[in-house]
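Just so you know, all these numbers are worked out from the coordinates, no wet-lab data involved. Computed from a predicted model, the values in this text were never measured in an experiment. Note: ideal-geometry Cβ built from the backbone for every residue, glycine included; neighbour counts use all protein chains shown.
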Amino acid sequence: MAYWLMKSEPDEFSIDDLQQCKNKTETWDGIRNYQARNFLRDKVKLGDTVFFYHSSCKVPGIVGLATVSSEPYIDQSAFDQTSTYFDAKSSIDNPRWVAVDLTYKSKFKRIITLAELKADPNLAKMLLVSKGARLSVQPVTQQEFDYILSLE
DNA sequence: GCCAACGTTGGC
DNA sequence: GCCAACGTTGGC
């Protein structure tokens with residue numbers, strides 16, 4: 001089983017929103033970055049565990065856990081002209097983007113903030129804190145995962 | 001809201 | 001295939 005960190009803007013979709021979804025599960029779509037897409041398509045597996053990260057907000061950081069609850073599938077929002085995720089270059093014949101389902105697992109008692117993660121020498125090599133890491137889907141190592149869980 | 005850092009596009 | 005211009009992300 002692999003570990004991931006996925007970013008979401010809480011104004012758009014927060015961990016509380018995920019918890020309140022039907023079956024606590026929602027489509028994780030709208031990824032429009034090739035590197036992130038490649039992870040989703042090629043590496044993310046059903047049953048993987050995900051750090052749910054809040055970005056572009058007052059206190060950015062990891063707020064809880066989710067589980068990948070589907071295999072990757074074609075991101076239909078790319079075909080929807082009314083969607084903000086519409087992409088004219090993705091076609092049904094040649095789909096460009098993928099999505100997975102995420103299921104709520106737990107919410108941390110506190111936010112493990114980006115500032116805290118950045119300041120921690122044990123996490124100096126983590127992708128999230130490395131320069132210009134804008135990836136919205138990124139791998140987390142077993143060591144990083146266990147260590148961050150222990151911070152809660 | 002600013003802007004640094006990155007990604008993407010498109011002319012050549 | 002290079003690279004300048006533009007767009008986006010996301011912390012601050």
Going down the table (A:K58/A:K89; A:K89/A:K131; A:K24/A:K107), which pairs top 23 Å between alpha carbons?
A:K58/A:K89; A:K89/A:K131
Only bridges with both residues in segment A:3-151 count here: give the DSSP antiparallel percent, nearest 5.
80 percent
Express the relative contact order of chain A as a whole percentage, based on alpha carbon pairs under 8 Å and six or more residues apart in sequence.
31 percent
Residue exposure sequence - A:D11, A:D17 - by fewest surrounding Cβ within 10 Å:
A:D11, A:D17
For a Förster distance of 25 Å, can you work out the FRET efficiency between the beta-carbons of A:K125 and A:L46, rounded to the nearest 0.05?
0.35
Pairwise over distinct Cα atoms, reciprocal of the mean inverse distance: report the Kirkwood radius of segment A:113-152 in Å, one decimal place.
10.5 Å
Among A:D87, A:D101, A:D80, A:D93, which comes first, then next, by fewest other beta-carbon atoms within 10 Å?
A:D93, A:D80, A:D87, A:D101
Net lengthening on full extension, A:F86/A:M1 (0.36 nm per residue, minus Cα-Cα)
27.4 nm
Mind checking the full-extension length gain between A:Y147 and A:R96? Use 0.36 nm per residue of separation minus the Cα-Cα distance, one decimal, nm.
14.8 nm
Rounded to 10°, Cα long-axis angle of helix A:142-151 versus longest principal axis of chain A:
60 degrees
Please give the calculated 222 nm ellipticity per residue for chain A, where each DSSP H segment of at least 4 residues contributes -39500 (n - 2.57) and the sum is spread over every residue; nearest 500 deg cm²/dmol?
-5500 deg cm²/dmol
Could you give the length gained on full extension between A:T25 and A:K118, defined as 0.36 nm per residue of separation minus the Cα-Cα distance, in nm?
30.5 nm
In Å, the Kirkwood hydrodynamic radius from C-alpha pairs for segment A:3-151 sits at 15.8 Å
